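To start, the structure itself, in structure tokens.
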Amino acid sequence: MTLFGVALRNLSGWQPRNLGALAGITIAVASFVALVGLARGVEHSLLSTLVDRGTDLMVTEAGALDLVSSIVPDARAEDIDEIEGVTRTAPELSRLTSLDDGRSVGVVGWPVGSFPWESLTVVEGRLPAGPDRREVAVGEALAERAGFAMGDEVWLFQTRFEITGVVTAPTVLARSLAYVPLTQAQALTFRDGQATVINVRTDPDRPDEVAGRIRERFPDLAVERAETLASDFMFARIAAVLAYAISTVALVSAGLVIFTAMSTAVAARRGEIAILSAIGWARWRIVSALLIEGTVIAMVAGVAGAAAGVLAAEAVAARPDISGFVAPRIGAALLAQGVGLSLAVGIVGSLLPALSVTRRPPAEVLRGK
Amino acid sequence: MTETLAIRARGLERTFRRGAVRALAGVDIDVPAGASVAITGPSGSGKTTLLHALAGLLPVTAGEVRIGQEVPRTPADWARFRRDHIGLVFQDDWLLRRLSAVENVEIAMQGTHLPPREQRQRALDLLDRVNARAFAHRRPAGLSGGERQRIAVARSLANRPSILLADEPTGELDSFNAEQILRLLFALHGTEGLTLMIVTHDTALAARCALQFRMHDGRGRFSGTEKTE
Ligand SMILES: Nc1ncnc2c1ncn2[C@@H]1O[C@H](COP(=O)(O)OP(=O)(O)OP(=O)(O)O)[C@@H](O)[C@H]1O
Ligand SMILES: [Mg+2]
């Protein structure tokens with residue numbers, strides 16, 4: 001019988017102590033993968049929604065906490081358009097409103113025909129055709145979630161809109177929004193002449209230079225590269241910090257769970273360990289057998305936990321109240337991290353108790369039961 | 001004077017509880033190769049402690065044990081000596097519950113470089129010898145105490161030890177099973193020159209051994225000899 005065979009045989013049968021360790025590690029790894037995946041999903045969907053709009057610079061109210069609370073006169077768009085290096089501008093008004101069923105939806109208003117509309121791909125129907133029309137294009141994730149179809153009526157800001165098109169976009173967040181003409185959004189939210197952001201497109205090579213010029217001209221405005229602003233955005237910052245905090249907590253608790261499970265498993269077997277020593281097993285051989293056991297448990301639990309983490313993250317993201325806003329971002333690297341974490345802690349968690357229990361002379365245990 | 005010794009121990013001392021208990025208070029013992037020795041004495045006199053010290057299962061506070069011509073010093077030395085030279089049988093069988101009878105014997109051959117097939121063959125032969133071949137592939141849980149102890153004896157013999165140390169090996173068994181085990185041990189002693197040391201409270205068993213080493217309060221001597229310290 002090989003050393004490996006002995007170790008594996010010790011794992012056979014559904015023994016409570018092994019199941020306990022297995023379950024503990026699986027849960028720890030699953031929560032690590034799910035939480036980090038979700039947190040990264042939140043951060044990513046915010047970032048890329050802004051960047052994918054084809055906007056080079058975003059102009060907001062200086063000092064505003066986030067994109068939704070900023071207020072800028074929409075006329076600034078034309079002023080900025082005249083600055084050298086700016087190729088196009090488009091004011092934008094974003095608001096949250098609630099649908100009939102009480103769930104909230106983000107509504108974005110752009111001037112009809114302005115460049116941000118180009119970031120949307122029409123799946124069905126068409127975009128709103130004129131500034132006076134109460135027409136809305138809905139993202140396909142929103143349509144699916146709310147059961148919207150072409151030609152349906154939808155109430156936004158207590159007003160009836162007609163759905164004229166279903167659109168898709170590169171990010172889940174963008175696919176979950178409703179798009180209306182800017183004038184409609186302004187009128188219905190009592191924000192005539194106001195925008196939350198002015199989207200600016202510049203000569204491709206010189207966005208920073210152009211940003212400087214805008215700042216100089218309008219000191220009361222904040223001008224940022226779209227990606228910088230996105231990661232500066234309060235939600236994105238919170239999401240990033242949460243992702244780190246959560247992964248640290250998940251890591252530490254996973255480590256503790258594995259360590260206690262392994263220590264208990266090893267301590268419960270002092271008799272077996274003592275008799276192996278009595279029949280002449282060298283210490284390294286006993287430690288290796290325990291290490292193999294711990295590693296196999298950690299490997300199985302790591303893989304199971306990673307799989308469970310993916311399922312859990314998908315399940316959380318599919319909850320009706322947040323569905324569509326967040327897609328978990330769980331890549332091969334995160335899965336590998338989960339399994340690796342499990343292995344690392346499995347090895348340390350079985351090695352330390354194995355070393356400590358084999359340091360005791362076998363006589364103590366073998367004196368009698 | 002020139003007889004070969006299987007075990008030679010000098011000045012063995014072992015205390016417990018920070019010196020409050022002197023389990024071994026300076027034991028000298030010479031065990032001639034091929035002898036049979038009964039270790040007797042009242043409960044708590046240090047018999048088990050002595051046996052453990054002689055097998056290196058318990059570090060001694062002072063003293064030295066020589067096995068054949070060598071003095072094992074480190075735990076690693078002792079593990080190797082136990083594997084190659086010293087068989088051990090306890091009152092409990094200490095079989096691994098997850099392994100079958102034959103596997104429980106095989107694991108004693110770990111590290112001997114015997115190919116797996118020969119390990120299996122040898123383990124089966126040993127089980128045959130202790131009359132346990134019939135349940136070679138069963139796990140200990142379903143077996144009787146006597147059957148389990150026979151497997152434990154087979155395990156102790158796995159690497160053809162020259163010394164067999166047994167601590168009340170029949171303490172848990174009825175007289176029929178006890179007799180089976182003892183016959184086996186004495187047969188091996190007779191045919192293969194195995195040095196046998198048995199801790200026992202049973203005077204009849206003690207009388208079957210050629211020598212009696214009597215322990216009292218952590219000290220001991222061969223009875224019938226008048227060695228003084
Ligand atoms: N690990 C230990 N911790 C504390 N005291 C111990 C330990 N091992 C042995 N002792 C003490 O050492 C003394 C000798 O014990 P030992 O087990 O060797 O006696 P024994 O002769 O085998 O007794 P028995 O016939 O009851 O088995 C006893 O007083 C015992 O309580
Ligand atoms: Mg005893």
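The values are calculated or read from the model by the stated rules, or taken from the named source; none is laboratory data. Given the structure is predicted, the values throughout are model-derived calculations rather than measurements. Methodologically, a virtual Cβ is constructed for each residue, glycine included, from the backbone with ideal geometry; neighbour enumeration extends over all protein chains shown. Only protein heavy atoms, including side chains, enter the accessible area calculation; ligands, DNA and RNA are left aside. Shrake-Rupley method; radii C 1.70, N 1.55, O 1.52, S 1.80 Å.
Name the one entry in B:T191, B:T203 that is more than 13 Å from every other protein chain (Cβ to nearest Cβ) and either within 16 Å of ligand 1 (Cβ to nearest atom) or open to solvent by less than 10 Å² (accessible area, probe 1.4 Å) (or both). Talk me through it step by step, then tell me what you get.
On the way: B:T191 fails: either within 16 Å of ligand 1 (Cβ to nearest atom) or open to solvent by less than 10 Å² (accessible area, probe 1.4 Å) (or both).
Sole residue among the options that is more than 13 Å from every other protein chain (Cβ to nearest Cβ) and either within 16 Å of ligand 1 (Cβ to nearest atom) or open to solvent by less than 10 Å² (accessible area, probe 1.4 Å) (or both): B:T203.
Could you identify the single residue in A:S114, A:S104, A:S98, A:S69 that is hydroxyl-bearing (S, T, Y), open to solvent by less than 20 Å² (accessible area, probe 1.4 Å) and either within 33 Å of the chain's Cα centre (by Cα) or farther than 26 Å from A:A143 by Cβ (or both)?
A:S114
Give me a count of the residues in region A:289-320 that are crowded, with 17+ Cβ neighbours inside 10 Å and either over 34 Å from the mean Cα position of the chain (by Cα) or of a type outside the set (A, V, I, L, M, F, W, C) (or both).
Of region A:289-320, the ones crowded, with 17+ Cβ neighbours inside 10 Å are A:289-298, A:300-302, A:304-306, A:308-310, A:312-313, A:316-317.
Now restrict to residues that are either over 34 Å from the mean Cα position of the chain (by Cα) or of a type outside the set (A, V, I, L, M, F, W, C) (or both): A:289-295, A:302, A:305, A:309.
Residues that pass the stated criteria total 10.
Across region A:1-53, what is the number of residues that are at pLDDT 75 or above and more than 14 Å from chain B (Cβ to nearest Cβ)?
24
Got a sec? Which of B:G26, B:G44, B:G34 is away from chain A (no Cβ under 11 Å), surrounded by fewer than 22 Cβ atoms within 10 Å (Cβ to Cβ) and near ligand 1 (Cβ under 8 Å from one of its atoms)?
Step by step, each of B:G26, B:G44, B:G34 is checked, and only B:G44 is away from chain A (no Cβ under 11 Å), surrounded by fewer than 22 Cβ atoms within 10 Å (Cβ to Cβ) and near ligand 1 (Cβ under 8 Å from one of its atoms).
Say we look at region A:264-288 and pick out the residues that are buried (at least 18 other Cβ atoms within 10 Å of the Cβ) and farther than 30 Å from B:I163 by Cα; which of these is modelled with the highest pLDDT?
A:V266
Against the condition open to solvent by 50 Å² or more (accessible area, probe 1.4 Å) and of a type in the set (A, V, I, L, M), how does B:A210 come out, does it pass?
Criteria met by B:A210.
Just to confirm my filter: which strands (runs of 3 or more DSSP E) fall fully inside region A:126-190 and include at least 2 residues that are more than 20 Å from A:S98 (Cβ to Cβ) and β-branched (V, I, T)?
It comes to A:159-168.
For B:T4, are the conditions met, namely being open to solvent by less than 40 Å² (accessible area, probe 1.4 Å) and of a type in the set (S, T, N, Q)?
no
For region A:101-129, which residues satisfy the criterion of being within 23 Å of A:V197 (Cβ to Cβ) and out of contact with any strand residue (DSSP E or B) (no Cβ under 7 Å at 6 or more places or on another chain)?
Passing the criteria: A:G113, A:E118, A:S119.
Scanning region B:146-172 for residues that are within 16 Å of ligand 2 (Cβ to nearest atom) and over 12 Å from the mean Cα position of the chain (by Cα), which turns out surrounded by the most Cβ atoms within 10 Å (Cβ to Cβ)?
Once the filter is applied, the top-ranked residue is B:T170.
Within region B:101-114, which residues are more than 7 Å from chain A (Cβ to nearest Cβ) and open to solvent by 10 Å² or more (accessible area, probe 1.4 Å)?
B:T112, B:H113, B:L114
All but one of (1) facing another protein chain (nearest Cβ under 9 Å); (2) open to solvent by less than 10 Å² (accessible area, probe 1.4 Å); (3) under 11 Å from B:A158 (Cβ atoms) hold for B:I86; which doesn't?
Failing condition for B:I86: (3).
Residue check, B:K47 against (1) within 16 Å of ligand 2 (Cβ to nearest atom); (2) at pLDDT below 95; (3) not acidic (D, E), all met but one. Which one?
(2)
Are any residues in region B:61-82 farther than 15 Å from B:A166 by Cβ, within 11 Å of chain A (Cβ to nearest Cβ) and open to solvent by less than 50 Å² (accessible area, probe 1.4 Å), and if so, which ones?
B:D77, B:W78, B:A79, B:F81
Run down A:Q158, A:Q194, A:Q186 and say which single residue is of a type in the set (S, T, N, Q) and either free of Cβ contacts under 8 Å to residues at least 60 places away in the same chain or open to solvent by 60 Å² or more (accessible area, probe 1.4 Å) (or both). Please lay out each step first, then the result.
Working: A:Q194 fails: either free of Cβ contacts under 8 Å to residues at least 60 places away in the same chain or open to solvent by 60 Å² or more (accessible area, probe 1.4 Å) (or both); A:Q186 fails: either free of Cβ contacts under 8 Å to residues at least 60 places away in the same chain or open to solvent by 60 Å² or more (accessible area, probe 1.4 Å) (or both).
Only one candidate qualifies: A:Q158.
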